[in-house]
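So the structure is just underneath, and the comments pick up after that.
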Amino acid sequence: MPPVVDLSAVEAVLDATLVEGGPPVGRPGLHLLRAGGRRLRPTLVLLGDEFAERSCREQLIHLAASVELLHMATLLHDDIVDDARIRRGQPTINAVWGHRLSVLMGDYLFARAFELLATWGNQEILRGLAGAVRAMAEVEAQELAGGPSPDLTEQEYWDRVAKKTALFMAQCPRLAALAGDAPASYQEALHSYGFQLGLAYQVVDDLLDLTAKPSVLGKPTGQDLRRGIVTLPVIHAMSHCSAEDRGRLQATIRARPAPDDGAEWVLPLLESKGSIAYTLAAADRMVDGACAALAGLPAVPARERLEGIARSVPRRDY
């Protein structure tokens, strides 16, 4: 996904924020930053600002940097929980510096994000982002405490995806518009767009965990299966396969298979039952909904860019 806005000012704030923490924070922080990423969330912030009545450049850049810091913090903590060793083709911070420093790094990023936001005193922005981060933590804790979930329903899956990704993504364009006193209808449209974009993004993320090449994805695949986490293609397959295959799938999920221990049969089963196509169709529906939400916004270049971002999601391969 090519950059659609100039993020140089945001990158400068991210760099400065990490360097300010001193070498124990700066070295691993810059390692994480240099690993790259789409910077999708700050991009949504900057595009959301295009629908505002007024704009404060410094506040906008701080908001964009803050959502990326929060996102980075959640990735750090995810890697600790999952004991992940590779992300974006690079060793994770916990792989290089250990779990203890990774926990503290995540805490630092959370603190700095909210410190930047608090500078502007907008309680609605603080509430919006804090609520989204809380929802992420709640659903991750539920997954961890609940153990393998072979009987997860599709509705339960969508509820988890909403908390894991969509609620946070919905806040990114909306809060930029709110900060600039955009009409309430614009804020609602941007929230709806971001929410459905987030649903589509996570669904495709879950699919890529099953179908992508690790060299392209930048990390090992099959991680959800090995954690006992059921995603949409597996849910669909279990409702369309034989009782024997369903039992085999459930046993595989409960066993949390290690790499290369015989779970390679799962992907062909998903393909044969149309579960890959079903999942992509679900992502397409979410994208259509996201683009439809933009209809009430002015026909400015930012609207076209937002639609382009959404349309690119089902086609991404990493």
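Derivation of every value follows stated rules applied to the coordinates shown; laboratory data play no part. In this text the structure is predicted, and so the values were computed from the model without any measurement. All Cβ positions, glycine included, derive from the backbone under ideal geometry; neighbour counts span all protein chains shown.
First select every other residue whose beta carbon is under 13 angstrom from the beta carbon of ILE80; then total the charges, Lys and Arg +1, Asp and Glu -1. Before the final figure, lay out the partial values.
Details: positive: ARG85, ARG87, ARG100; negative: ASP78, ASP79, ASP82, ASP83, ASP107, GLU140.
Neighbourhood net charge equals -3.
Per residue of the chain, what 222 nm ellipticity follows from adding -39500 (n - 2.57) for every DSSP H run with n ≥ 4, rounded to the nearest 500? Walk me through the intermediate numbers first.
Values: 17 runs with 224 residues, N = 318.
One gets -22500 deg cm²/dmol as the mean residue ellipticity at 222 nm.
Efficiency by 1/(1 + (r/R0)^6): what FRET value for TRP120 and ALA251, r their Cβ-Cβ distance, R0 = 45 Å, to the nearest 0.05?
On the way: r = 53 Å, r/R0 = 1.17.
Taking R0 as 45 Å, the efficiency between TRP120 and ALA251 is 0.30.
Based on the Cβ-Cβ distance of GLN142 and VAL103, what FRET efficiency does E = 1/(1 + (r/R0)^6) give at R0 = 22 Å, to the nearest 0.05?
Details: r = 20 Å, r/R0 = 0.92.
Efficiency, from the Cβ-Cβ distance: 0.60.
Determine which lysines satisfy two conditions relative to LYS273: a Cα distance under 22 Å, and not lying fewer than 8 residues away in the same chain.
Excluding near neighbours in sequence, the set is LYS213.
Among (1) 19.7, 61; (2) 20.6, 68; (3) 23.1, 83, which one is Rg and Dmax of the Cα atoms in Å computed from these coordinates?
So the structure-derived entry is (1).
For the range 146-298, count the residues as N, evaluate 2.2 N^0.38 Å, and divide the Cα radius of gyration by that value, please. Don't skip to the answer; put the middle values down first.
On the way: Rg = 17.7 Å, N = 153, 2.2 N^0.38 = 14.9 Å.
Relative to the 2.2 N^0.38 Å estimate, the range 146-298 comes out at 1.19.
Starting from the alpha-carbon convex hull of the range 277-318, give the projected area averaged over all orientations, in nm².
Values: hull surface 12.2 nm².
It is 3.1 nm².
Neighbour counts of other C-beta atoms within 10 Å: give me LEU190, LEU46 arranged from fewest to most.
Listing LEU190, LEU46 from fewest to most nearby Cβ atoms yields LEU46, LEU190.
If neighbour count is taken as other Cβ atoms inside 10 Å, put TYR193, TYR186 in order from fewest to most.
Details: TYR193 29, TYR186 21.
Ranked by crowding around the Cβ, least crowded first: TYR186, TYR193.
Which residues' amide hydrogens lie under 5 Å from the amide hydrogen of ARG87, considering only partners 5 or more residues apart or on another chain, with H built in the peptide plane?
Amide H neighbours of ARG87, under 5 Å, 5+ apart: THR92.
Can you give the extra length, in nm with one decimal, that the chain gains between ARG315 and ASP159 once fully stretched, where that is 0.36 nm per residue apart less the Cα-Cα distance? Kindly include the intermediate steps, with their values, before the conclusion.
Numbers: separation 156, 0.36 × 156 = 56.16 nm, distance 2.36 nm.
So the chain would gain 53.8 nm between ARG315 and ASP159.
Return, ordered by residue number, the residues of the range 43-59 whose backbone nitrogen is under 18 Å from a label point located 7 Å along Cα→Cβ of GLU20.
57-59
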